[in-house]
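The structure appears right after this line, and notes come after that.
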Amino acid sequence: MIGIIYFLVIVLANTVGAVSGMGGGVLIKPIFDFIGAHTVAAISFYSSVAVFTMSIVSTSRQLTSGRKINWKIVVWVSAGAVLGGILGNSAFDYFLRIFANDDAVQMIQIILTIITLLFALFYTKYDWKNFQLSHSFWYLVCGLILGFFASLLGIGGGPINVSLLMLMFSIPIKEATMYSICTIFFSQLSKLVTMGVSTGFGDFDLTMLIYIVPAAIIGGLLGAKLSTMLSEKKVTTVFQLVIMCVLLINCYNSFQLL
């Protein structure tokens, strides 16, 4: 029964996540926390697998659709995301070691997620001034920040991706969502490889992947299709609605932990 619930959640989350550029983990992680069927570490792993799979599907569909990509941005931001993903996963493991229970780690994740959600909401709502950075160093720094938070928070991407790309490089939201998904691919790849090398996957119920991977593929395909159909304004609306929805879920989860 849990597998079927996870399947439905991931299809919906990855569809919305691919359209908004957030990655489905921003919905998957808090909803799985709410369900409470697995540990924080297991939920983080399942979320990463789902979002990683979605990023492969969505990116490949974007490429085959003929959308133009600035490969300089992709290469440098993704390189930063790989390093950030490794650092984020190391920070996550450190928190698991120093705190007595999962609830403390989950609360840290929730607080940081809420902060990034509020930043993204205010940025898109009030149209803050954009910078026009173009040096490779800034692409690398951007990727490092995004990869770190994506891995640490276990959400695979998150609202900060699109907002930070728009803020630093003055690119439209639909273009930012595309680069965000590319970044998510590399940050989650580094996280999964790091987990495989360090702790392995033996502590997780891998039978859940039977539900998770197909759902992630379906969500990625649906999201990529919708992304090409929707206007900039509608993508922004979807982005803001998802942020408000996830804010409510995270606030509820935090109260449950108190």
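Nothing in this text is a laboratory measurement; each read-out follows from the coordinates by a stated rule. Values in this document were obtained by computation on a predicted structure and should not be read as measured data. Heads up, the Cβs are rebuilt from the backbone with ideal geometry, glycines too, and the neighbour counts pull from every protein chain shown.
The angle separating the long axis of helix 159-169 from the principal Cα axis of greatest extent in the chain is about 30 degrees. A protection proxy built from the mean count of other Cβ atoms within 10 Å ranks the segments 121-129, 88-96, most packed first, as 88-96, 121-129. In this simple spin-label model, placing a label point 7 Å from the Cα along the Cα-to-Cβ direction at both Ile35 and Met1 gives a separation of 1.2 nm. Rounded, prolate or oblate: which fits the range 149-258 when a ≥ b ≥ c are the square roots of the eigenvalues of the alpha-carbon gyration tensor, with rounded for a/c under 1.5 and prolate only if a/b beats b/c? Prolate, since a/c reaches 1.5 and a/b exceeds b/c. Available extension along the chain between Leu248 and Asp127 is 41.3 nm, counting 0.36 nm per residue and deducting the alpha carbon span.
Consider a paramagnetic label point 7 Å from the Cα of Asn101 along Cα→Cβ; state which residues of the range 196-213 have an amide N under 14 Å from it. Counting backbone N atoms under 14 Å from the label point, the list is empty. Pairs of C-alpha atoms in the range 17-105 farther apart than 22 Å represent 39 percent of all such pairs. Taking the helices alone, the chain has a mean residue ellipticity at 222 nm of -28000 deg cm²/dmol, built from -39,500 (n - 2.57) per DSSP H run of at least 4 residues and averaged over all its residues.
Rounded, prolate or oblate: which fits the chain, taking a ≥ b ≥ c as square roots of the Cα gyration tensor eigenvalues, rounded meaning a/c under 1.5, else prolate when a/b beats b/c? Because its axes are fairly even, with a/c under 1.5, the chain counts as rounded. Each part gets one Cα centre, and for the range 67-120 versus the range 164-228 those centres are 12 Å apart.
Among the listed pairs Lys29/Lys129; Lys68/Lys234; Lys68/Lys225; Lys68/Lys174; Lys174/Lys225, which are separated by more than 23 Å between their Cα atoms?
Values: Lys29/Lys129 31 Å; Lys68/Lys234 21 Å; Lys68/Lys225 16 Å; Lys68/Lys174 12 Å; Lys174/Lys225 13 Å.
Cα-Cα > 23 Å for Lys29/Lys129; rest within.
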